[in-house]
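Undergrad: Got a structure here, written out as structure tokens. Questions coming.
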Amino acid sequence: MKIIINDNELQVKEGKTILEAALEAGIKIPTLCYHKELAPYGACRLCVVEIAGGARPSLQASCLYKVSEGLVIKTDSERVRRARKIVIELLLALSPDSDKLKTLAKEYGAENTRLKPKNKGNCILCGLCARVCSEIVGMSAVNFSHRGIERKIRTPFDKINDSCIGCGACAYLCPTGAIKIEQA
Ligand code: FES
């Protein structure tokens, strides 16, 4: 099927997401919770793009949104950049020490966040650690617990978990350095 991203007409296979189509065409979209080997989760919202044209232009997470015939997409419009700036401000409040977020904040003019740092150990709840552990490693040594503002990534019952094989995949994929590996 045909779609248009930033005025480029692309041939894309059905079932792809906008993010996959863009990456394959060499079009950059920033992401934090996406990894090509893992199921998309849509947690960070940094990959937001504008679905232009039609009666109701909208902002959508490109890692979740599937392409359809004739879709017209803007990946770096004014509206997109404004939305990303807000997302980065929110994430920076959760993870003020993250170099990756600091770099993004510079790029999107979000350095002077109006939000107070929440000091939650730099975790932005992207879920990459939990997904790599369950989908690739085949364990669930870390996972989400609690709901709403109490939501956290934890080991079961906050205990050292026997199912952890110490592979370090969670720490490796963590975009904000929130997971540290300690030698036993
Ligand atoms: Fe799409 Fe995080 S990369 S929501």
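Undergrad: If we keep just the residues of the range 124-146 that are open to solvent by less than 40 Å² (accessible area, probe 1.4 Å) and in a loop (DSSP other than H, G, I, E, B), which is nearest to the ligand (Cβ to nearest atom)?
TA: Residue satisfying both the conditions and the ranking: Cys126.
Undergrad: Can you find a residue in the range 27-42 that is among the small types (Gly, Ala, Ser) and farther than 30 Å from Ser95 by Cβ?
TA: no
Undergrad: Let me ask another. I want to confirm something. Restricting to the range 56-73 and keeping residues that are within 16 Å of the ligand (Cβ to nearest atom) and not in a loop (DSSP other than H, G, I, E, B), which single residue is most open to solvent (accessible area, probe 1.4 Å)?
TA: This residue is Lys66.
Undergrad: I want to confirm something. Restricting to the range 22-55 and keeping residues that are part of a strand (DSSP E or B) and within 13 Å of the ligand (Cβ to nearest atom), which single residue is farthest from the chain's Cα centre (by Cα)?
TA: Val49
Undergrad: Could you please tell me which pairs satisfy a Cβ distance under 6 Å, a separation of 6+ or placement on different chains, a first residue in the range 33-45 that is hydroxyl-bearing (Ser, Thr, Tyr), and a second residue that is part of a loop (DSSP other than H, G, I, E, B)?
TA: Every condition considered, the pairs that remain are Tyr34/Cys63; Tyr41/Cys33; Tyr41/Gly127.
The values are calculated or read from the model by the stated rules, or taken from the named source; none is laboratory data. Keep in mind the model is a prediction, meaning the values are calculated, not measured. Note that each Cβ is placed from the backbone with ideal geometry, even for glycine, and that neighbours are counted across all protein chains shown. The protein model used for the area step is the full one, side chains on, heavy atoms only, and it has no ligands, DNA or RNA in it. Shrake-Rupley method; radii C 1.70, N 1.55, O 1.52, S 1.80 Å.
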